[in-house]
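Read the structure below first, then the notes.
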Amino acid sequence: MPSPPAHALVATDLDGTLLRRDDTVSRRTRAALALAARAGARHLVVTGRTVPGIRRLLAELGYRGPAVCGQGTQLYDAGSGRLVRTLTLDREAADTALGKIEAQVGPVFAAVDQDGPEGRTLIEPGYRMPHPTLPAQRTRHRHELWAAPVVKVLVRHPELTDDTLAEAARDAVGDLATVTHSGPGTVELQPYGVDKGTGLALAAEYLGVAADSAIAFGDMPNDLPMFRTSGYGVAMANAHPQLRAAADEVTSSNEDDGVAQVLERVFG
């Protein structure tokens, strides 16, 4: 009976990691993922994007397994097209959290990702989408953000850096929400205790493999919980300093096929 691979899972973030700037996956990276699959490893997408923002991409990749979406709030089965599990952020708590953040740092601009496979991204006046390829619907007032259940809130400040805003938000919200910094201009609030690490653990259980058998790839502080849950963490050359410091290895950038370089070595 053949022995299982040393890394049964290849867990990859999307933006800044698996994807290039144009939202595509290179031919070399596709080939490296196929190499890992032939060795018996499963590819697991672990992303801050919610389900509506990745379905087209997963279809183009021929991805049929589970995907961790929305910073761990959603487990989506791409093969069946159904949400296996979803965790929503209490809307009253989210509104209170925004008020606490503003009491500490002044006015902020907010957006929300709604729950569900067809959930919309709603943005209040003044909020600027950090990822222009993802669709969003503008509202007239903040209270409209809470019209339907949400999985996370996105926050921007007109002057503070993302790192400063994330730190201030953590101090302000306490156990009302988990605060993550997931990309340029992207500080987010999600249900307390939920992150990419809990999402990875849930997906591993769903697949019947150990979470610490995963080799994980990422580029931002929101990938830290995924690194802690997996057995081996690889940061991209373009990664945030916090993630590079916590990684077992630093590879080349997402534009230079950093994921592929490691997979070719590990599974070749």
Study note, to complete from the structure: Expressed as a percent, the accessible surface of segment 194-262 that is carbon or sulfur, using a 1.4 Å probe and the full set of protein chains, is 47
**Study point:** Alpha-carbon centroids, segment 195-215 and segment 123-187: separation in whole Å
**Key:** 27
Review point. Given only helices, namely DSSP H runs of n ≥ 4 each adding -39500 (n - 2.57), what is the per-residue ellipticity at 222 nm of the chain, to the nearest 500 deg cm²/dmol?
Key: -9000 deg cm²/dmol
Practice item. Assuming R0 = 30 Å, can you tell me the calculated FRET efficiency for the pair residue 31 and residue 161, based on Cβ-Cβ distance, to the nearest 0.05? Key: 0.20
Exercise for review: Round to the nearest 0.05 the FRET efficiency obtained for residue 38 and residue 252 when R0 = 25 Å and r is the Cβ-Cβ distance.
Suggested key: 0.65
Review point. Between segment 5-38 and segment 81-117, how many Å separate their Cα centres?
Key: 30
Check your understanding: By the scheme Lys and Arg +1, Asp and Glu -1, what is the net charge of all other residues having a beta-carbon under 12 Å from that of residue 100?
Key -> -3
Check your understanding: When Lys and Arg each count +1 and Asp and Glu each count -1, what net charge do the other residues less than 14 Å away from residue 206, Cβ to Cβ, add up to?
Key -> +2
Check your understanding: For residue 33, what charge total do you get from the other residues with a beta carbon under 15 Å from its beta carbon, if Lys and Arg give +1 and Asp and Glu give -1?
Key -> +4
Check your understanding: What accessible area per residue comes out for the chain, rounded to a whole number of Å², with a 1.4 Å probe?
Key -> 43
Check your understanding: So what's the convex hull volume per residue for the Cα atoms of segment 68-204, in Å³?
Key -> 104
**Study point:** Mean shadow area of segment 65-131, taken as a quarter of the surface of its Cα convex hull (nm²)
**Key:** 5.5
Review point. If you count, for each residue, the other Cβ atoms within 10 Å and average over each peptide, how do 190-198, 43-51 line up from highest to lowest?
Key: 43-51, 190-198
Check your understanding: How fast does the chain diffuse by Stokes-Einstein, in µm²/s, taking the Kirkwood radius from C-alpha pairs at 25 °C and 0.890 mPa s?
Key -> 132
Point to revise | Solvent-accessible area, 1.4 Å probe, carbon plus sulfur percent, for segment 33-145 | key: 49
Practice item. Compute the projected area of the convex hull of the Cα atoms of segment 1-156, averaged over all viewing directions, and report it in nm² to one decimal place. Key: 10.9
Exercise for review: Work out the P(r) tail for segment 136-234: percent of alpha carbon pairs separated by more than 21 Å, whole number.
Suggested key: 44
Exercise for review: Find how much the distance from residue 84 to residue 131 grows on full extension, using 0.36 nm per residue of separation minus their present alpha carbon separation; answer in nm with one decimal.
Suggested key: 14.3 nm
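The values are calculated or read from the model by the stated rules, or taken from the named source; none is laboratory data. This is a predicted model, so every value here is computed, not measured. Positions of Cβ are backbone-derived with ideal geometry, glycine not excepted, and every protein chain shown enters the neighbour counts. With ligands, DNA and RNA removed, areas are computed over all heavy atoms of the protein, side chains included. Shrake-Rupley method; radii C 1.70, N 1.55, O 1.52, S 1.80 Å.
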